[in-house]
Amino acid sequence: MRRFLSSLLLVTMGLVTTALPSVAYPLALTHLEPSAGYGWVVTEIRAATKSVDLSMYELEDPAIEAALIAKAKTGVRVRVLLNLDYTGTRANTPAVHAFAGTKVQVHWAPANQIFHAKYLVIDAVRGWIGTGNFTPQYYASSRDVWVVTTVPAQVAAMTGTFQHDFAGGTNQLVRGPNIVWSPGSAPALVSVITAARHSLWIENEEMKNPTIEAALAGAARRGVSVHVTMTASSSWAAALASLANAGVHVVTLDPHSLYIHAKLICADCSLSGGTLFLGSENFSTYSLDKNRELGIIVTTPTIVRLISTVLAHDATMGTTLPVIHAPAGQTLSVISAPTQVSLGDDPTITVATRAGAACTLMVTLPSGHVSAASGLGAATADSSGHVSWTWHISTRTSLGTATWTATCPTGTITRNLVIQ
């Protein structure tokens, strides 16, 4: 494995936007972890001549902190934005203390939003986007990827959003070609998935979003070869089992082997090209709809070829989930389901399948958007074969006819639900 990874350590690429596929953008580099290590971050900081802007979920690397302090001492403007919410206080307070009394400008991100994005901008001309935190205890065991862009519009989006966040703004996102920000990144990720015609290769740390799960299952059902590789966890075992039952090739790795921390979607990837998404976005409702996250869509064959090779390799390291087919004569049926609901209601849908079956429920709202309400998504049938979902109809939901789709190993049911 080490020999394989070292051969993939460093490659050059051009970032080409899907909107302008004929434009040849400047070359860029990528670092593949755990092979590369994070010494390259120190090298980048030392190379800065005007400014360093760093937004990080967890900063616990003394070498990187020392490099930031040393660079600020030379007169280069160094700004650091650190996550405060969730585990932020515990993880990042030592770094804040290390910067005290130095020329490093350090700000806490707003307390009411998880800042999970991981990016570094050097001199406002080079922008690194990654999937990994600056936490040394995980360097040797986590699969992560970092890529740098010198495309002016992409770097401007990063520097502009950083400026707003550093000043305490609330979700003042500066858009750029193929730059994917959260909140609101689900449509971009779904568009990559739904555009696939032949294959999808996926790595992610979490699987807790019904919109993404429905898109992956839908791709498998329309004949796309869908591969999902993740570290095993009981938190999304039901969701992964449901994907396997939909025809997705699911592989789980032991948590003590290579840890899948990367967030990657590779659509129709081959030696000649494809479309790659990479970034900080996990497949969870919080990550896609609420957190500050950053990702990028890349179509350059060189980087697509590298990442697709890594994805195929990682899939050989784990255990493939079996697809459990329904016994002959076993079906899916509705036990109870409303046909009409009102704004503010908490409807419940219950179906009958086989005991222990992993099922999913997806609700498509009158607006055409897939609901991300808590209570939807993956669920497991009880010993009687009954499985239920209860969720909340927001008072901001559009009125009209919604549809719900329950999917289990024993079949799929779709019904209308009028919201009045």
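Here, each number is a calculation from the coordinates, and none is a lab measurement. Keep in mind that what you see is a predicted model, and the values were worked out from it rather than measured. Don't worry about glycine lacking a Cβ; one is built from the backbone with ideal geometry, like all the others, and counts go over all protein chains shown.
Out of the DSSP beta bridges found with both residues in segment 212-350, what percent are antiparallel (nearest 5)?
Roughly 70 percent of the DSSP beta bridges within segment 212-350 come out antiparallel.
Could you compute the net charge surrounding Asp123? Neighbours are other residues with a C-beta less than 14 Å from the C-beta of Asp123; K and R count +1, D and E count -1.
Details: positive: Arg46, Lys50, Lys71, Arg77, Arg79, Arg126; negative: Glu44, Asp53.
Around Asp123, the surrounding residues sum to +4.
Does segment 281-420 come out rounded, prolate or oblate by the C-alpha gyration tensor, with a ≥ b ≥ c the root eigenvalues, rounded set by a/c under 1.5 and, if not, prolate when a/b is larger than b/c and oblate if not?
oblate
Give me the percent relative contact order of the chain, please, defined on Cα pairs under 8 angstrom at least 6 residues apart.
Relative contact order comes out at 14 percent.
Beta carbons within 10 angstrom, averaged per residue: use that to sort the peptides 308-315, 206-213, highest first.
206-213, 308-315
May I ask for the distance between the Cα centers of segment 109-165 and segment 324-398, given as a whole number of Å?
Their Cα centres are 37 Å away from one another.
Shape call for segment 134-279 from the C-alpha gyration tensor, a ≥ b ≥ c root eigenvalues: rounded (a/c under 1.5), prolate (a/b greater than b/c) or oblate?
In terms of gyration-tensor shape, prolate.
Helix 186-195 versus the longest principal axis of the chain: what is the Cα-based angle in degrees, 0 to 90, to the nearest 10?
70
Indicate, rounded to the nearest 5 percent, the antiparallel portion of the DSSP beta bridges found entirely in the chain. Intermediate values should be presented prior to the final figure.
Numbers: 67 of 96 bridges.
Bridges in the chain that DSSP calls antiparallel: roughly 70 percent.
Using r as the Cβ-Cβ distance of Arg90 and Ser394, and R0 as 41 Å, what FRET efficiency do you calculate, to the nearest 0.05? All intermediate terms of the calculation are to be shown ahead of the outcome.
Values: r = 33 Å, r/R0 = 0.80.
My answer for the efficiency is 0.80.
Under a straight-distance cross-link criterion of Cα-Cα below 29 Å, which lysines are reachable from Lys103, leaving out those fewer than 8 residues away in the same chain?
Lys50, Lys71, Lys73, Lys118
Please compute the length gained on full extension between Ser51 and Ala100, using 0.36 nm multiplied by the number of residues separating them and subtracting their Cα-Cα distance.
Full-extension gain reported as 15.7 nm.
Which aspartates and glutamates does Lys263 reach when only Cα atoms under 14 Å apart count, and residues fewer than 8 places away in its own chain are ignored?
Candidates past the 8-residue exclusion: Glu33, Asp144, Glu203, Glu205, Glu206, Glu281, Glu293, Asp314.
Can you compute log10 of I(q)/I(0) for the chain with the Debye formula, treating each Cα as one identical point scatterer, at q = 0.07 Å⁻¹?
Evaluating at q = 0.07 Å⁻¹ gives log10 I(q)/I(0) of -0.35.
Taking 8 Å as the Cα distance limit and 6 or more residues as the minimum spacing, I'd like the relative contact order of segment 333-419 as a percentage.
35
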